[in-house]
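Novice: Mind having a look at this structure? Questions to follow.
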Amino acid sequence: MASQLNTNCLLFLILVTFTRLAESESFIGINYGQVADNLPSPEATAKLLQSTAIDKVRLYGADPAIIKALANTGIEIMIGVSSGDIPGMASDPNFANSWINSNVIPFYPASKINIINVGNEVMMSGDPNLMSQLLPAMQNLQNAINSANLGGKIKVSTVHSMALLRQSEPPSSGSFNTSNLDLLKRLLRFNNATGSPFAINPYPYFAYQSDPRPETLAFCLFQPNSGRVDSGTKIKYTNMFDAQLDAVRSALNSIGFGGVEIVVAETGWPYKGDSNEVGPSIENAKAYTGNLVAHLRSMVGTPLMRGKSVDTYLFALYDENLKPGPSSERSFGLFKTDLTMTYDAGLLKTSQTPSKPKAPASPAPKAENGTWCVPKAGTSDAQLQANLDYVCGRGIDCSAIQPGGACFEPNTVVSHATYAMNLLYQTEGRNPWNCDFSHTATLTSINPSYNKCKYPGGST
């Protein structure tokens, strides 16, 4: 009976944690592309989004039907100025005023438009004229926003490709191409002055395509791997997403823009591709997106941006069946056009209840009551960070070590990792193998609780 009660309590804790994590989360967004002729209605899509943890939507244009359908949902909307409109907007302030009057004023604030992107990956377009017109267009659009008394409420930015970086490995050596660096710096001064984000499109999928080894796939999918040590900082990275973001962070820092916030405008993994394409599959897409969502929910951040999750827009809401190119270009949708899931990435608020934990094949001795799991002396910060990422990335409630939590202070990797490692040990059965962490953990009878920070475990 006691064993059954313990199992029921564990299931209850898992269910409570799962339900909490399935609520809307401000850092998870999705791209809503429209290069298709079979998409559900905007109204049906709005209802679908409200059933998920997705809190932000990125449009590549400013479709009024979609913007209107998202009114009063609480979902933030990133809209876009097409590249074709950049020349007119750059040369004529009245064009920018008219654009705001047509695409923002009729809908705001019921529709929570928060960012307007001018163009998409313009800096890598190879069109010198378009590139030179980008900043004037952004400036005129910002002035139009200010004239409408929306300054500070709606930000103006543009979206960049990772190809903007000259170097990204190791992350600490991240740097931008020098060919257009002067223009990039002017754009970043605009971002810095207006408080708008630097939007980037990191795709570990493409990194795997260029290096299709099994260890690279695991690194890209947030799966167990040996990690990669940054030779400059000695930081051990356990996934490509963090490595790419920190390369961008390093590149921004190196030219004096450490205060400009980063936003991930696109990232995703195709679930299907042509026979000659490396990487697309349902399994890989589910692993990447599901593990990325778990990583964002952990609020661990990246090694260079700890303790927060960068706003991340997943690619994409639906397949876009009219896109040209290989099959993978038309196979990124998390949802089908009949509004069912392509695969379960853990985004539905009323998702499936977690399955019952499986007991080991044969009984094994459990640790005695009054034991806690802590790191072994001498464990490196890099390994502690990896342990922390692993625990919080599994969907376990790490809110106590997030800002404002009872165990956030001291804000050190060893303190946070100690709490997280013990939390996993206590919630997953208190078996010896739950306190291993690649031989970096040990059991102790000394309660590590302090002040208001209470560690779950034996009697306090």
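The values are calculated or read from the model by the stated rules, or taken from the named source; none is laboratory data. All values reported here derive from a predicted model rather than from experimental measurement. Neighbour counts run over all protein chains shown; Cβ positions are idealised from the backbone, glycine included. Ligands, DNA and RNA are stripped out before the accessible areas are found, and what is left, the full protein with its side chains, is counted by its heavy atoms. Shrake-Rupley method; radii C 1.70, N 1.55, O 1.52, S 1.80 Å.
Yes/no matrix, rows are residues, columns are (1) of a type in the set (Asp, Glu); (2) within 24 Å of Pro64 (Cβ to Cβ); (3) touching a Ser or Thr at 6+ places or on another chain (Cβ under 9 Å):
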{"site": "Asn103", "(1), (2), (3)": "no, yes, no"}
{"site": "Phe107", "(1), (2), (3)": "no, yes, no"}
{"site": "Ser111", "(1), (2), (3)": "no, yes, yes"}
{"site": "Asn120", "(1), (2), (3)": "no, yes, yes"}
{"site": "Asp127", "(1), (2), (3)": "yes, no, yes"}
{"site": "Pro171", "(1), (2), (3)": "no, no, yes"}
{"site": "Phe176", "(1), (2), (3)": "no, no, yes"}
{"site": "Asn180", "(1), (2), (3)": "no, no, no"}
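Novice: Here's another thing I want to ask about it. May I ask you to list the residues in the range 246-268 that are out of contact with any Leu (no Cβ under 8 Å at 6 or more places or on another chain) and of a type outside the set (Asp, Glu)?
Specialist: Selection gives Asn253, Ser254, Gly256, Gly259, Val263, Ala265.
Novice: Of the conditions (1) under 27 Å from Asn114 (Cβ atoms); (2) modelled with pLDDT under 95; (3) not acidic (Asp, Glu), Gly333 satisfies every one except a single condition; which number is it?
Specialist: (2)
Novice: Separate question: Of the numbered conditions (1) β-branched (Val, Ile, Thr); (2) open to solvent by 20 Å² or more (accessible area, probe 1.4 Å); (3) in contact with a Cys (Cβ under 9 Å, 6 or more places away or on another chain), Val391 fails exactly one; give the number of that condition.
Specialist: Result: Val391 passes all but (2).
Novice: I'm checking my understanding of the structure. Among residues of the range 173-213 that are part of a loop (DSSP other than H, G, I, E, B) and closer than 23 Å to Gly151 by Cα, which one is most open to solvent (accessible area, probe 1.4 Å)?
Specialist: Among them, the one singled out is Gly195.
Novice: Something else: For the range 284-301, check the following and say yes or no: at least one residue is over 11 Å from the mean Cα position of the chain (by Cα) and surrounded by fewer than 18 Cβ atoms within 10 Å (Cβ to Cβ).
Specialist: No: zero hits.
Novice: Could you tell me whether Gly61 is part of a strand (DSSP E or B), small (Gly, Ala, Ser) and touching a residue at least 24 places away in the same chain (Cβ under 8 Å)?
Specialist: No; evaluated as a whole, the condition is false for this residue.
Novice: For the range 124-144, name all the residues that are out of contact with any strand residue (DSSP E or B) (no Cβ under 6 Å at 6 or more places or on another chain), part of a helix (DSSP H, G or I) and surrounded by fewer than 22 Cβ atoms within 10 Å (Cβ to Cβ).
Specialist: Scanning the range 124-144 gives Pro128, Asn129, Leu130, Met131, Ser132, Gln133, Leu135, Pro136, Gln139, Asn143.
Novice: I would also like to ask the following. Can you name the number of the only condition in (1) modelled with pLDDT of 95 or more; (2) not in a helix (DSSP H, G or I) that Lys47 fails?
Specialist: With respect to (1) modelled with pLDDT of 95 or more; (2) not in a helix (DSSP H, G or I), Lys47 is out only on (2).
Novice: Criterion first (out of contact with any Phe, Trp or Tyr (no Cβ under 6 Å at 6 or more places or on another chain), surrounded by fewer than 16 Cβ atoms within 10 Å (Cβ to Cβ) and within 27 Å of Lys68 (Cα to Cα)) does Gly152 satisfy it?
Specialist: So Gly152 fits the description; yes.
Novice: Residues in the range 215-225: is at least one in a loop (DSSP other than H, G, I, E, B), more than 23 Å from Asn114 (Cβ to Cβ) and in contact with an Asp or Glu (Cβ under 7 Å, 6 or more places away or on another chain)?
Specialist: Yes, the conditions are met somewhere in the range 215-225.
Novice: Kindly provide the set of residues from the range 398-439 that are open to solvent by 20 Å² or more (accessible area, probe 1.4 Å), under 17 Å from Arg306 (Cα atoms) and modelled with pLDDT under 90, ordered by number.
Specialist: If the condition is that a residue be open to solvent by 20 Å² or more (accessible area, probe 1.4 Å), under 17 Å from Arg306 (Cα atoms) and modelled with pLDDT under 90, then Gln402, Pro403, Gly404, Asn411, Thr412 are the ones that fit.
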